[in-house]
Amino acid sequence: MSGVWKFKNGVVRLVENPANEQSSTMKRKALLHVPTNEVISSYTSLERKLISLGWERYYEDPDLLQFHKRSSIDLISLPREFSRFKSMHMYDIVLKNRDWFRVIDV
């Protein structure tokens, strides 16, 4: 028996797949390009925005999309599939481009 024990309204119950339960209560996140107020919905769109900000694409690792800025030591590494693009990747982009991107609730 695996899972997570939850206590709610005086009742303890076992949630066997907590990921499914969390997804129904958690808000989805999206990456917003602030100057254009555009929600990033594909890597093509994101790549265009990053290149315009001086980021260069690296092609060394076939499993990742990577971007580097010559003027810094920063590296942005993203999963190859956009469907695996998570909030931690979004916050990494925001941290390295503070005035250009924001993470929002959808």
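Which one of Tyr59, Val94, Leu75 has its Cα pushed farthest toward the positive end of the charge dipole of the chain, where Lys and Arg give +1 and Asp and Glu give -1 at the Cβ?
Sorting the options by dipole projection puts first Val94.
Can you give me the % of accessible surface on the chain that is carbon or sulfur? Probe 1.4 Å, all protein chains present, nothing else counted.
Its accessible area is 52 percent carbon and sulfur atoms.
For the pair Val34 and His68, what calculated FRET efficiency results from E = 1/(1 + (r/R0)^6), where r is the Cβ-Cβ distance and R0 = 30 Å, to the nearest 0.05?
Step by step, r from the Cβ atoms, then E = 0.85.
Take peptides 42-49, 53-60 and line them up by average Cβ neighbours within 10 Å, highest first, as a rough protection proxy.
The densest-packed peptide leads the list: 42-49, 53-60.
What distance in nm separates the simple spin-label points at Glu81 and Ser45, each placed 7 Å from Cα in the Cβ direction?
A separation of 2.0 nm, rounded to one decimal place.
The chain: percent of C-alpha pairs farther apart than 23 Å?
Tail fraction, whole percent: 40.
The values are calculated or read from the model by the stated rules, or taken from the named source; none is laboratory data. Quick caveat, the model's predicted, so the values are computed rather than measured. As a convention, Cβ positions derive from the backbone with ideal geometry for all residues, glycine included, and neighbour counts pool all protein chains shown. Just so you know, the surface numbers come from the protein's heavy atoms only, side chains and all, with ligands and any DNA or RNA stripped out. Shrake-Rupley method; radii C 1.70, N 1.55, O 1.52, S 1.80 Å.
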